[in-house]
Amino acid sequence: MRHRREEQIDKTSAAVNERLTTEISYWDNRAAILQAQEAAGKPNARLNSQMARQRAGELLARLYRRLNELEQERKLSPLPPVVVGGVLVIPQGLIDKLTGRINAPDIDQFAHETARIERIAMAAVMQAERELGYIPRDVSLDKCGYDIESSIPGTGKLRFIEVKGRVKGAETVTVTKNEVLTALNKPDDFILAIVEVDGAEATTHYVTRPFQREPDFGVTSVNYDLARLLAKGAIQA
């Protein structure tokens, strides 16, 4: 802590010293020029040499005061930590498991079900694109911000489709930051395809311009309310 604090104080001291010294030099030089003008009988009506020297003196006093404050900040006095409180956090899932309320989730089964829904969703969107007269291509493994690149025959244009498969009744959908940025960069060509899966049945919804702004800097993914996304004018494919 002392090492980090001293590094910060050194940087601040150097910046303060450089800035105020430059200003002091300016006003000292300005005072000398004004004094010479006054001696030649050409006084400045708005500023005289005495005012300029006073300004330089004020800045010098300010410099000494600030450097003294920074030196006082170096005098750290380490004290032993004082515990003022504590908390024990227990996941609700662990409590339910230990009390027998629910069985532990089957991770393998969950992963298998997620993969099944994704396969159904991709197949549904690929089929919908073909029925619309486009030529879709699966690019999901390329991690380029969308899953399907669908070409429009005779135009050379492409439709960029991000596919989200959700079990029927789901309330949210997760979108990565890369997918949001891709949608914002290609607003006229990007489509968010939301596929609701109910058993083996799939209902596909196309949402154009689904996002309004970029996620915060440190965000990697965002959860969106599924109903609100669909309410933004989704078209059933």
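Each reported figure results from applying straightforward, stated rules to the coordinates on display, with no laboratory input. Keep in mind the model is a prediction, meaning the values are calculated, not measured. We place every Cβ from the backbone using ideal geometry, glycine too, and count neighbours over all the protein chains shown.
What is the Cα coordinate range of the chain on the first, second and third principal axes, sorted by size from largest, in whole angstrom?
Per principal axis, max minus min of the Cα coordinates gives 97, 62, 30 Å.
Can you check what the net charge comes to around residue 69, using other residues whose Cβ is under 12 Å from the Cβ of residue 69 (Lys, Arg +1; Asp, Glu -1)?
+3
For segment 107-236, how big is Rg over Rh, using alpha carbon atoms and the Kirkwood form of Rh?
Computed over Cα atoms, the ratio is 0.95.
Helix check for the chain. Which DSSP H runs span at least 24 Å along their own axis by Cα, with a mean Kyte-Doolittle hydropathy no less than -0.5?
Those that clear 24 Å and a mean of -0.5 are 107-131.
Roughly how many debye, to the nearest 20, is the charge dipole of the chain about its Cα centre, given +1 on each Lys and Arg Cβ, -1 on each Asp and Glu Cβ, and no other charges?
With Lys and Arg at +1 and Asp and Glu at -1, about 1280 debye.
Using a cut-off of 13 Å between beta-carbons, work out the net charge of the residues near residue 174 (Lys and Arg +1, Asp and Glu -1, residue 174 not included).
Counting the neighbours of residue 174, the net charge comes to -2.
Would you list, by chain and number, the lysines whose Cα falls below 27 Å from the Cα of residue 164, excluding same-chain residues fewer than 8 positions away?
Result set, ordered by chain and number: 143, 177, 186, 232.
Given only helices, namely DSSP H runs of n ≥ 4 each adding -39500 (n - 2.57), what is the per-residue ellipticity at 222 nm of the chain, to the nearest 500 deg cm²/dmol?
One gets -16000 deg cm²/dmol as the mean residue ellipticity at 222 nm.
I'd like to know which of 180, 192, 153 lies farthest towards the positive end of the charge dipole of the chain, counting +1 on Cβ of Lys and Arg and -1 on Cβ of Asp and Glu.
After comparing all options, I get 180.
Relative to the Cα centre, what is the charge dipole magnitude of segment 2-73, using +1 at the beta carbon of each Lys and Arg, -1 at the beta carbon of each Asp and Glu, and rounding to the nearest 20 debye?
With Lys and Arg at +1 and Asp and Glu at -1, about 240 debye.
Within 10 Å of each candidate Cβ there may be at most 15 other Cβ atoms; applying that plus a DSSP loop requirement, which trypsin sites (Lys or Arg not before Pro) in segment 126-196 survive?
Sparse-neighbourhood loop trypsin sites (Lys or Arg not before Pro): 143, 168.
Quick one: net charge around residue 189, please, counting Lys, Arg +1 and Asp, Glu -1 for every other residue with C-beta under 15 Å from its C-beta.
-1
Using the Cα centre of the chain as origin and beta-carbon charges of +1 (Lys, Arg) and -1 (Asp, Glu), tell me which of 34, 20, 70 is placed farthest towards the positive end of the dipole.
34
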